[in-house]
Amino acid sequence: MSLWSRLIGGRKTEDTDNFFSGNAVHARLNPENYAIIDIEVGVKDHKIHDIGALRHDGATFHRASKSELLEFLKDTDYLCGHNIIHHDAKYLFGEDKCRWALVDTLYISPLLFPERPYHRLVKDDKLMTEQMNNPVNDCEKAEILLHDEIAHWHALPEEKRRLFASLLKGKKEFEGFLSIVGAEYADEKLPELIKRLYAGRICRNADIESLVKAHPCGLAYALALVDTTDSHSVTPGWVIHNYPEVEFIVKFLRNTHCAEGCDYCSTQMDVLHNLKVFFGYDKFRTYEGEPLQERAAQAAVDGKSLLAIFPTGGGKSLTFQLPALMAGRAVHGLTIVISPLQSLMKDQVDNLADRGITDAVTIKC
């Protein structure tokens, strides 16, 4: 199945009805009236054992009584938490209607902190804390994260804020945050806006319109990754689990050569251009006039299966090193090279390091 079929074909994972209509998530609430909540649930009995809450005025709550919690929260408009929508709210309210707007700091975090996106987080959705397991302490960490997220949102360029808000509009994981920051939405059609904002960084001929309709949240995460300048940044595993299309969207936008040819594909997907960028060479080696080294490297970049047989010292290493470096830059990808000789592995890594390329490491088995 082609990459495009995997992205667009089959079941759509997101509801995009009336996607371009309206200009607000819902009526603005008072962003000052919020509370952070965190609950401790038994692994075996799946019951609430402890509840912590921190109100905007500094008041704290630390008891296991849901009725007392509701009294503590009665004058608040927003309930905030880390993974509150798919965890805390489920145990607190069950099937009952929740009158508060829910602000989830988990889902927005990778969008706002795409550079090494574990901002104040460790292993998936867990907040980092040095204290004993205490929901009030976790609320304090979540409040710091919330304020950081709000500050980073307002630090984004206006058009980027409007773009992300429009892509995330109507999605329960994001609508509370969009409300609390007073998000505004794009007047310009999103495909045109994306192509303009990301000109030269994604394929100009990619079918953005279909991605917007089928996978707006996945597209938002993918564009956040495109925005990073650190090739070591990766999309967190829990995002890939919930939005598996993200990695395919990044590959489609950044590592799939368009047939027409565009400014991005003609340079960033071209092995001769990148040979100069990474290694400083103006041309590949030829064998009896045949550009076998270039063909092998380009086939690897194009995702084709290939068998290349060169003599010793004939430049085989370049045919996988160059595509690996290009993939690392374009899609933050990892390439694994299996070699039978430890001395050869060390020699290749040392040679790359001598050129200032320090992304390669050896693992001896």
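The values are calculated or read from the model by the stated rules, or taken from the named source; none is laboratory data. None of these values were measured; they are calculated from a predicted model. Note: ideal-geometry Cβ built from the backbone for every residue, glycine included; neighbour counts use all protein chains shown. When the accessible area is computed, the model is the full protein with side chains, heavy atoms only, and any ligands, DNA or RNA have been set aside. Shrake-Rupley method; radii C 1.70, N 1.55, O 1.52, S 1.80 Å.
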Revision key, fill the gap. DSSP beta bridges in the chain: the antiparallel percent, rounded to 5, is 65 percent
Revision key, fill the gap. Residues whose modelled amide H sits under 5 Å from the amide H of Arg63, counting only those 5 or more places away in sequence or on another chain, are Ile51
Check your understanding: Does anyone have the angle between helix 158-168 and the longest principal axis of the chain? Alpha-carbon axes, 0 to 90°, nearest 10?
Key -> 80 degrees
Exercise for review: Please list, or write none, the lysines whose alpha carbon is within less than 17 Å of the alpha carbon of Lys66, excluding same-chain residues fewer than 8 places away.
Suggested key: Lys47, Lys74, Lys90, Lys97
Point to revise | Partner lysines for Lys316 [C-alpha distance under 22 Å; skip if fewer than 8 residues away on the same chain] | key: Lys276, Lys283, Lys304, Lys346, Lys364
Review point. With the other protein chains left in place, how much accessible area per residue, in square angstrom, belongs to the chain at a 1.4 angstrom probe?
Key: 53 Å²
Exercise for review: Could you state the angle between the C-alpha long axis of helix 316-331 and the longest principal axis of the C-alpha atoms of the chain, as a value from 0 to 90 degrees rounded to the nearest 10?
Suggested key: 30 degrees
Practice item. Determine ³J(HN,Hα), in whole Hz, for all residues of the stretch 250-263 in sequence, where each value follows from phi through the Karplus function 6.51 cos²θ - 1.76 cosθ + 1.60 and θ = phi - 60°; x replaces Gly and Pro. Key: 4, 5, 5, 7, 10, 9, 10, 5, 6, 5, 6, x, 9, 4
Practice item. Using the Karplus curve 6.51 cos²θ - 1.76 cosθ + 1.60 with θ = phi - 60°, work out ³J(HN,Hα) for each residue of the stretch 296-308 in order, rounded to whole Hz, and write x for Gly and Pro. Key: 5, 5, 5, 4, 5, 4, 7, x, 8, 7, 8, 10, 10
Check your understanding: From the residues Leu79, Ile208, Thr228, which one has its Cα farthest along the dipole of the chain in the positive direction, the dipole being from +1 and -1 charges on Cβ of Lys/Arg and Asp/Glu about the Cα centre?
Key -> Ile208
Revision key, fill the gap. Expressed as a percent, the accessible surface of the stretch 220-356 that is carbon or sulfur, using a 1.4 Å probe and the full set of protein chains, is 55 percent
Check your understanding: For the chain, treating each Cα as an identical point scatterer without solvent, what Debye log10 I(q)/I(0) comes out at q = 0.09, 0.12, 0.15 1/Å?
Key -> -0.63, -0.96, -1.25
Check your understanding: How large is the dipole of the chain about the Cα centre if only Lys and Arg carry +1 and Asp and Glu carry -1, each at its Cβ, rounded to the nearest 20 debye?
Key -> 960 debye
Review point. From the Cα gyration tensor of the stretch 223-365, with a ≥ b ≥ c the square roots of its eigenvalues, which class applies: rounded if a/c is under 1.5, or else prolate if a/b is larger than b/c, or else oblate?
Key: oblate
Study note, to complete from the structure: When the charge dipole of the stretch 146-289 is computed with +1 at the Cβ of Lys and Arg and -1 at the Cβ of Asp and Glu, the Cα pointing farthest to the positive end, of Val181, Val239, Ala165, is that of Val239
Exercise for review: DSSP loop (so not H, G, I, E, B), at most 14 other Cβ within 10 Å: list which GluC sites (Glu not before Pro) in the stretch 61-113 pass both filters.
Suggested key: Glu95
Revision key, fill the gap. To the nearest 20 debye, the stretch 220-327 has a Cα-centred charge dipole, built from +1 on Lys and Arg Cβ and -1 on Asp and Glu Cβ, of 300 debye
**Study point:** Candidate lysines for bridging to Lys195, where Cα separation is under 26 Å - those fewer than 8 sequence places away on the same chain excluded
**Key:** Lys12, Lys160, Lys169, Lys171, Lys213, Lys251
Study note, to complete from the structure: Subtracting the Cα-Cα distance of Val277 and Ala199 from 0.36 nm times their residue separation yields 26.1 nm
**Study point:** Charge sum, other residues only, whose C-beta stays under 13 Å from Ala89's C-beta, Lys/Arg counted +1 and Asp/Glu -1
**Key:** -1
